[in-house]
Amino acid sequence: MSLVQHVDELLAEHLRKGPLHGVNAQVVFDTPNADWVARRSGPCVNVYLYGIDEDPTRRQSGETSIIDEDGKVVGYSHPHRYFRMSYALTVWAQSVQDEHRMLGTLLEWCVGTDTLTPLSPRHPQEPLSLRLRDSKEGGESPLSRIWTGLNCAVRPALDLLVTVPVGRPDSSAQTPPVEGMTLKARRTDATPGQGPAPDSPSGAHEPARPRRRVEEIA
């Protein structure tokens, strides 16, 4: 199961057991274009995923060393990156009154819910952040462009954001750890009677360096 499928399933499960409990309405993830509207039958809540973008406010840098049982650094782990999945929640029913009633229930649920906590062992991951998108006064809502692109009449919708952490693969240590040091020394000159210097290619004795006489002046 991919990450997007996991979020879809978790969101649908929370909706069915929360605001839609006991309500005769399906939860679908279809694209609400003109063709889908013409073929739709029965009340439903459409959870349309219209965008995925990274949350720049939660971007982190750096890495953490991975230590094995012997205390050696064998790799490095990187911080998660967080992505926001944008969903447009719309209600489709037989009457406008039914749609507004269900939409109001969904609004109250979104306001009172901060996280999507796993409800079954099928979702072993950590809780996901959930909130409604903040809209600036006078600014254009992303949903207004969606209806134009889908060639569909504008409908009231809840702009839901689900933030998910995406793990990055660990990297192995490229250079093996230093386990010790080796110190080597070699002769660079020779004194008379001690044989040639090891680096002399001819094997002949190299003349000794002259010594300077130092006298103390009183």
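Since every read-out is calculated from the coordinates, none of them should be taken as a lab result. Source: prediction; values computed, not measured. Here the Cβ is made from the backbone with ideal geometry for all residues, glycine too, and neighbour counts use every protein chain on show.
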*So what's the net charge close to residue 128: Lys and Arg +1, Asp and Glu -1, counting the other residues with Cβ under 11 Å from its Cβ?*
0
_FRET efficiency for residue 21 and residue 94, using Cβ-Cβ distance with R0 set to 25 Å, rounded to 0.05_ = 0.80
*List the lysines whose alpha-carbon lies under 29 Å from that of residue 72, not counting same-chain residues fewer than 8 positions away?*
184
*Using modelled amide H (1.01 Å from N, peptide plane; none on Pro or chain starts), what sits under 5 Å from the amide H of residue 30, excluding residues fewer than 5 places away?*
47
